[in-house]
Amino acid sequence: MNTQLLEARAIAKYFGGVTALRDVSLSIRQGEIYGLIGPNGAGKTTFFNVLTGLYHPDSGELIFNGEKLPASTPHLAARCGIARTFQNIRLFGNMTAMENVMVGRHVRTHAGVLGAVLRDRRTTREEAAIRRRAEELLNYVGIADRADDLARHLSYGDQRRLEIARALATDPKLLALDEPAAGMNGTETEGLRELIEGIRKDGITVLLIEHDVKLVMGLCDRVAVLDYGEKICEDIPVVVQKDPKVIEAYLGGSIA
Amino acid sequence: MMTLAHSLGAWRCDKRAAIAATIAMGLMLAAFPFMIGSALGNSWLRIVDFALLYIMLALGLNIVVGFAGLLDMGYIAFYAVGAYLYALLASPHFGLHLPVWLIIPAGAVLAGVFGVLLGAPTLRLRGDYLAIVTLGFGEIVRIFLNNLNAPVNITNGPQGVSGIDPIHLGGITLAKPLSILGFTISSLHAYYYFFLALALLIVFITIRLENSRIGRAWVAIREDEIAAKSCGINTRNIKLLAFTMGASFGGVAGGLFAGFQGFVSPESFNLMESVMVLCMVVLGGMGNIPGVILGGILLTILPEVFRHGAGPVQMALFGKILLDPEALRMLLFGLALIVVMLYRPAGLWPSTTRRREFRGESTTDALKEGE
């Protein structure tokens with residue numbers, strides 16, 4: 001339970017003169033739900049983008065599952081076992097929900113052009129397995145009845161769920177969720193909490209960026225707080241909540 | 001052929017009906033050249049043969065534009081590569097007369113290589129920017145063909161290569177009337193069947209690709225490249241694959257064109273041709289195989305109808321020819337394009353998905369429904 005899954009070592013990222021991340025180091029343990037919070041513009045999403053290979057870090061390195069993670073190659077990050085969702089949902093809008101999840105299986109399957117054209121036994125079997133797994137996952141996140149609808153026609157909450165299903169389809173070791181509860185009402189958030197807990201029970205480590213402090217504090221085993229690109233705190237939720245630096249970051253400087 | 005493509009797609013739904021439809025379609029396609037030949041004459045049969053070539057081109061471009069969403073304005077360059085390869089390897093120009101079964105696959109491979117050459121430097125580009133670069137690529141190929149006659153004469157420059165061997169399979173040449181089992185079929189009929197066979201093969205390959213892991217990856221890149229990357233799709237390789245596959249279809253069509261025509265020159269591969277093939281894809285219904293086939297047929301036949309029909313119709317109406325049929329042809333063609341884009345923006349035969357997309361069901365409507 002206590003083995004490291006991800007270790008970020010002094011990650012720094014600059015955009016021109018702006019420091020988005022300054023030597024951020026954190027480590028996520030196997031099987032935990034790890035929260036990453038901070039005020040707007042603190043660098044949470046930037047960290048996500050570095051982690052998933054969309055941005056190239058200016059310095060620092062990521063050790064994932066005991067190996068150095070190749071920088072700025074998103075598809076390799078996915079292959080290594082890091083899956084993500086996006087703050088502004090990024091689904092394949094004109095594909096059905098089912099197809100969206102099937103695309104997620106891409107990285108764990110192998111059929112090439114020849115297999116696709118000839119449809120040999122192996123390809124047919126693989127294709128059937130992809131479909132079966134996609135059905136399972138849609139069922140798992142609770143939108144099996146929308147399987148044949150276009151992703152863009154799903155309700156907002158269902159789109160969030162579909163994005164999680166697509167991420168799970170890549171068989172991740174670490175699932176990184178970027179503000180999954182944004183724009184959700186109370187009931188939807190409650191459903192999401194159950195979903196995330198279920199995912200953790202299945203042995204997948206979860207990294208969660210979230211603004212909903214109640215959700216984060218209730219769900220996460222440990223929380224890190226970013227402010228102006230720096231990690232100011234990392235601990236269990238009750239300690240983080242009382243940390244004066246965190247309170248300052250959220251509520252502004254102290255009166256004294 | 002459209003019904004055939006359709007029936008292939010619905011194969012599992014109703015096998016018996018599909019088999020019946022396929023047989024009926026097959027018989028119709030087999031009898032088609034005879035009906036055209038006797039009703040309209042050989043010039044129209046020739047146009048039908050060309051329509052088959054354009055269907056192959058449109059299906060190739062559809063992979064790049066329709067599936068992967070990469071706007072390619074220089075597609076005709078691959079057609080040129082295939083055509084010139086055939087012309088140089090089977091004509092008196094170099095004195096080479098290699099067999100067709102060797103040249104056509106070689107044309108597909110070489111065009112595929114050119115596809116990678118075009119794809120590799122443009123991987124980061126999308127939309128308008130990609131369109132401009134590919135447009136330039138198409139022109140570069142044409143200008144090369146135009147100028148590669150000095151210092152070493154490779155392409156024979158603007159005069160083009162003539163006297164190209166007609167397509168011949170084994171000992172049978174398609175250039176002369178064939179007699180099989182007492183039947184005699186003319187050269188144009190023989191070409192029709194040969195082109196039809198290859199067009200069907202390309203339709204088959206495209207359908208199989210569309211419903212595969214690769215096809216889904218192409219569409220995913222079209223829909224959202226960043227999300228596709230994060231799903232583990234190596235977008236570089238998959239995009240290059242789209243360029244290669246699309247280009248190789250163009251290369252096949254080009255080889256057939258050279259053998260059929262007996263003559264190639266750079267003139268045949270100008271920007272207008274690229275635009276024409278792109279129109280077939282967009283007008284027919286981007287990404288939808290039956291739609292693209294329909295687009296290919298219509299845009300080959302319609303300009304010819306205007307060309308042949310404009311003169312007699314004017315004579316009948318006004319007693320004299322007021323407008324040059326050639327000028328009128330482009331005018332009517334432009335009008336037809338505008339009308340289609342106004343009333344059927346998703347194309348004449350869009351995929352079910354695109355149809356829904358254009359029906360005006362916005363995401364907000366869906367949101368209301370969902371909640």
Kindly provide the set of residues from the range B:259-311 that are acidic (D, E) and within 22 Å of B:E139 (Cβ to Cβ), ordered by number. B:E267, B:E273
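Could you say which residue among A:I199, A:I247 is of a type in the set (V, I, T) and surrounded by 18 or more Cβ atoms within 10 Å (Cβ to Cβ)?
Values: A:I247 fails: surrounded by 18 or more Cβ atoms within 10 Å (Cβ to Cβ).
After applying the criteria, what remains is A:I199.
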Does the range A:56-73 hold any residues that are part of a strand (DSSP E or B) and among the charged types (D, E, K, R), and which are they? A:E61, A:E67, A:K68
From the list A:R125, A:R131, A:R161, A:R166, which residue is over 30 Å from A:S27 (Cβ atoms), within 12 Å of chain B (Cβ to nearest Cβ) and assigned to a helix (DSSP H, G or I)? A:R131
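So which of A:A97, A:A111, A:A134 is modelled with pLDDT under 95, in contact with a helix residue (DSSP H, G or I) (Cβ under 6 Å, 6 or more places away or on another chain) and farther than 23 Å from A:T45 by Cα?
Numbers: A:A97 fails: modelled with pLDDT under 95; A:A134 fails: modelled with pLDDT under 95.
Criteria check complete, one pass: A:A111.
So which residues in the range A:146-158 are facing chain B (nearest Cβ under 10 Å) and either assigned to a strand (DSSP E or B) or of a type outside the set (A, V, I, L, M) (or both)?
First pass over the range A:146-158, keeping only residues facing chain B (nearest Cβ under 10 Å): A:146, A:149-158.
Correct list: A:R146, A:D149, A:L150, A:R152, A:H153, A:S155, A:Y156, A:G157, A:D158.
Based on what the data block shows, is A:A12 at the interface with chain B (Cβ under 10 Å from one of its Cβ atoms) and either at positive phi or of a type in the set (G, A, S) (or both)? Break it down into steps so the answer makes sense when it comes.
Numbers: at the interface with chain B (Cβ under 10 Å from one of its Cβ atoms): no; either at positive phi or of a type in the set (G, A, S) (or both): yes.
So A:A12 fails the test.
Inside the range A:203-246, counting only strands (runs of 3 or more DSSP E) that do not spill past its ends, which hold 1 or more residues that are more than 21 Å from A:I164 (Cβ to Cβ) and over 19 Å from the mean Cα position of the chain (by Cα)?
On the way: elements: A:205-209, A:222-227, A:230-235.
Those strands (runs of 3 or more DSSP E) span A:222-227, A:230-235.
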List the number of the failed condition for A:L175; all other conditions in (1) closer than 22 Å to A:M98 by Cα; (2) part of a helix (DSSP H, G or I); (3) within 14 Å of chain B (Cβ to nearest Cβ) hold. (2)
Tally the residues that are under 15 Å from B:V141 (Cα atoms), out of contact with any Phe, Trp or Tyr (no Cβ under 7 Å at 6 or more places or on another chain) and part of a helix (DSSP H, G or I), restricting the search to the range B:72-109. 3
Just name the residue that is nearest to A:G81 (Cα to Cα) out of those in the range A:1-43 that are in contact (Cβ under 8 Å) with a residue 24 or more places away in the chain and among the β-branched types (V, I, T). A:I28
Only one of (1) crowded, with 22+ Cβ neighbours inside 10 Å; (2) more than 7 Å from chain B (Cβ to nearest Cβ) is not met by A:I63, so which one is it? (1)
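Of B:I221, B:I226, B:I164, which residue is within 30 Å of A:N100 (Cα to Cα) and crowded, with 16+ Cβ neighbours inside 10 Å? Lay out the reasoning, then the answer.
Working: B:I226 fails: crowded, with 16+ Cβ neighbours inside 10 Å; B:I164 fails: within 30 Å of A:N100 (Cα to Cα).
Being within 30 Å of A:N100 (Cα to Cα) and crowded, with 16+ Cβ neighbours inside 10 Å holds for just one of B:I221, B:I226, B:I164, which is B:I221.
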Here, helices (runs of 4 or more DSSP H) confined to the range B:237-344 with at least 1 residues that are of a type in the set (F, W, Y) are B:289-318, B:325-343
Inside the range B:123-132, the number of residues satisfying the requirement of being in a helix (DSSP H, G or I) and in contact (Cβ under 8 Å) with a residue 40 or more places away in the chain is 5
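Tell me, yes or no, whether the range B:170-190 has at least one residue that is within 14 Å of chain A (Cβ to nearest Cβ), part of a helix (DSSP H, G or I) and of a type in the set (S, T, N, Q).
The first filter runs over the range B:170-190 and keeps only residues within 14 Å of chain A (Cβ to nearest Cβ), leaving none.
Checked against the condition, which is being within 14 Å of chain A (Cβ to nearest Cβ), part of a helix (DSSP H, G or I) and of a type in the set (S, T, N, Q), the range B:170-190 yields no hits at all.
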In the range A:74-118, what residues are in a loop (DSSP other than H, G, I, E, B), at the interface with another protein chain (Cβ under 8 Å from one of its Cβ atoms) and in contact (Cβ under 8 Å) with a residue 60 or more places away in the chain? A:F86, A:R90, A:L91
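Restricting attention to the range A:49-66, does a residue exist that is under 23 Å from A:Y140 (Cβ atoms), in contact with a Lys or Arg (Cβ under 7 Å, 6 or more places away or on another chain), among the polar types (S, T, N, Q) and touching a residue at least 40 places away in the same chain (Cβ under 8 Å)? Explain how you work it out, then say what you get.
At the first step, the residues of the range A:49-66 found to be under 23 Å from A:Y140 (Cβ atoms) are A:52.
With in contact with a Lys or Arg (Cβ under 7 Å, 6 or more places away or on another chain) added as a condition, the list becomes A:52.
Narrowing further to those that are among the polar types (S, T, N, Q): A:52.
With the extra rule that they be touching a residue at least 40 places away in the same chain (Cβ under 8 Å), the set shrinks to A:52.
Yes: the range A:49-66 contains one or more residues that are under 23 Å from A:Y140 (Cβ atoms), in contact with a Lys or Arg (Cβ under 7 Å, 6 or more places away or on another chain), among the polar types (S, T, N, Q) and touching a residue at least 40 places away in the same chain (Cβ under 8 Å).
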Across the range B:37-51, the tally of residues that are of a type in the set (F, W, Y) and not in a helix (DSSP H, G or I) stands at 0
Those residues of the range B:283-311 which are within 13 Å of B:L57 (Cα to Cα) and aliphatic (A, V, I, L, M), in sequence order: B:I289, B:V292, B:I293, B:L294, B:I297, B:L299
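Go through the range B:216-231 and give me each residue that's closer than 20 Å to B:F249 by Cα and within 7 Å of another protein chain (Cβ to nearest Cβ). If you could, list the steps in order and put the result at the bottom.
Taking the range B:216-231 as the starting set, the residues that turn out to be closer than 20 Å to B:F249 by Cα are B:216-219.
Residues satisfying the conditions are B:R216, B:A217, B:V219.
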Scanning the range B:263-320 residue by residue, the ones that are over 18 Å from the mean Cα position of the chain (by Cα) and of a type in the set (S, T, N, Q) total 2
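Among the residues of the range B:328-339, are any closer than 23 Å to B:N62 by Cβ and more than 22 Å from the chain's Cα centre (by Cα)?
First, pick out the residues of the range B:328-339 that are closer than 23 Å to B:N62 by Cβ: B:333-334, B:336-339.
Next cut, more than 22 Å from the chain's Cα centre (by Cα) only: B:339.
So far as the range B:328-339 goes, yes, one or more of its residues are closer than 23 Å to B:N62 by Cβ and more than 22 Å from the chain's Cα centre (by Cα).
This table checks each residue for (1) surrounded by 22 or more Cβ atoms within 10 Å (Cβ to Cβ); (2) of a type outside the set (K, R); (3) more than 9 Å from chain A (Cβ to nearest Cβ).
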| residue | (1), (2), (3) |
| --- | --- |
| B:L198 | no, yes, yes |
| B:V203 | yes, yes, yes |
| B:R213 | yes, no, no |
| B:K239 | yes, no, yes |
| B:A242 | yes, yes, yes |
| B:G246 | yes, yes, yes |
| B:V252 | yes, yes, yes |
| B:F263 | no, yes, yes |
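The values are calculated or read from the model by the stated rules, or taken from the named source; none is laboratory data. Computed from a predicted structure; not experimentally measured. Cβ: placed from backbone, ideal geometry, glycine included. Neighbour counts: every protein chain shown.
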